[in-house]
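Worksheet for the structure shown next.
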Amino acid sequence: MDYFLQQLVNGLAVGSLYALIALGYTMVYGVLRLINFAHGEVFMVGAFAGAYTARALTGDKTEQTFWQACVGVMVAVMVCSILGWAIERFAYRPLRNSSRLSALITAIGVSLLIQNLANIEWQFAGYRWFGSTPTNYPAIIGAGEPVQVIHRLLGVNVVWKDVLLLATTGAVLVVLWFIVQRTRSGKAMRAVSQSYDSARLMGVNIDRIVSFTFILGSAMAAVGGCLFCIKNPSATPTMGVIFGLKAFVAAVIGGIGNIPGAAAGGLLLGLVETFVSSMGYSRYESAIAFVILVMVLLIKPEGIFGKAAPEKV
């Protein structure tokens, strides 16, 4: 029982990272009907931004305080929000009236561009920026220690960084729900997702809402990048490839375009991967995500929480 609870917590912690990134995919798709394959690279840039902020605050120390990590997250959110806005403004907006294939090819091109720029080692202000060598992320002081209350009650060694991942993901989901359901911009996002023309006739600024959607999704990817580095303390230019693909799979499993579905799909995928790995099949950890994807598409193509949309012919 203790072992099961331990794996359950580990799976939820990993799944919360997938959920944060999957939300960015599903929000953009819900508004634009576009799969933003550059979203994984935004996640990667967020991880680097958090690492470099920590380096500036700690002076290259191997540990940082919780509040220094919070500053790193805020900087990463600002950097990725600007990056998300720029991607939408200069790469996707000019193609908004083009075919979906053109937008998809552009998304893949933007992803490759950011990834290859990050692979180049840039020298600035006496520091090395990006490059193929992993960039270390300072560990948060005390984050690797077990939570004593949980250990006494359940006998399970749950470390603070896993609790931090789950608590942060929960807080982000609450904030996102409030923005989408209770703010004017959120209502406008829902209107645009239903019909561009109707929303425009109601006075909605389509360009502003689409940019806002990209900024919001990129901010969540930044938080996910920093949380990833808290659990796996290094950032690499290619980290967004497989993690971004798995998050996309999670969004499709939950129902692409459905916000609660994206969160549920991420948590489900994290749990399945963790239990498969714990049973000694860690080599199949990445493959299982795509096996689940095929099964869901065969049984319920619209996703677990998605709704089948009839096509007019």
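With the requirement that a residue be assigned to a helix (DSSP H, G or I), within 28 Å of residue 14 (Cβ to Cβ) and polar (S, T, N, Q), what does region 154-211 give you? Please lay out each step first, then the result.
Applying the first criterion (assigned to a helix (DSSP H, G or I)) to region 154-211 yields 154, 160-182, 184-194, 196-201, 206-211.
When the remaining residues are screened for being within 28 Å of residue 14 (Cβ to Cβ), the result is 154, 160-181.
Listed by number, the residues that qualify are 168, 169, 181.
If a residue has to be over 28 Å from the mean Cα position of the chain (by Cα), part of a loop (DSSP other than H, G, I, E, B) and not small (Gly, Ala, Ser) to count, how many in region 120-152 make the cut?
0
For the subset of region 19-66 comprising residues that are outside any helix (DSSP H, G or I) and in contact with a Leu (Cβ under 7 Å, 6 or more places away or on another chain), which member is modelled with the lowest pLDDT?
To start, the set of residues in region 19-66 that are outside any helix (DSSP H, G or I) comprises 33-38, 59-65.
Retained after the next criterion (residues that are in contact with a Leu (Cβ under 7 Å, 6 or more places away or on another chain)): 35, 64.
On the way: 35: 89, 64: 92.
Residue satisfying both the conditions and the ranking: 35.
Residue 103 passes all but one of (1) out of contact with any helix residue (DSSP H, G or I) (no Cβ under 6 Å at 6 or more places or on another chain); (2) surrounded by 14 or more Cβ atoms within 10 Å (Cβ to Cβ); (3) part of a helix (DSSP H, G or I); (4) touching a residue at least 40 places away in the same chain (Cβ under 8 Å); which number fails?
It is condition (1) that residue 103 fails.
Could you say whether any residue in region 5-27 is surrounded by fewer than 21 Cβ atoms within 10 Å (Cβ to Cβ), out of contact with any strand residue (DSSP E or B) (no Cβ under 6 Å at 6 or more places or on another chain) and among the hydroxyl-bearing types (Ser, Thr, Tyr)?
No, every residue in region 5-27 fails to be surrounded by fewer than 21 Cβ atoms within 10 Å (Cβ to Cβ), out of contact with any strand residue (DSSP E or B) (no Cβ under 6 Å at 6 or more places or on another chain) and among the hydroxyl-bearing types (Ser, Thr, Tyr).
Would you check if there is a residue in region 169-180 being hydroxyl-bearing (Ser, Thr, Tyr), in contact with a helix residue (DSSP H, G or I) (Cβ under 7 Å, 6 or more places away or on another chain) and under 24 Å from residue 243 (Cβ atoms)?
Yes; the residues of region 169-180 include at least one that is hydroxyl-bearing (Ser, Thr, Tyr), in contact with a helix residue (DSSP H, G or I) (Cβ under 7 Å, 6 or more places away or on another chain) and under 24 Å from residue 243 (Cβ atoms).
The values are calculated or read from the model by the stated rules, or taken from the named source; none is laboratory data. Remember, predicted model here, so these are calculated numbers, not experimental data. FYI the Cβ positions are ideal-geometry reconstructions off the backbone, even for glycines, and counts take in every protein chain you see.
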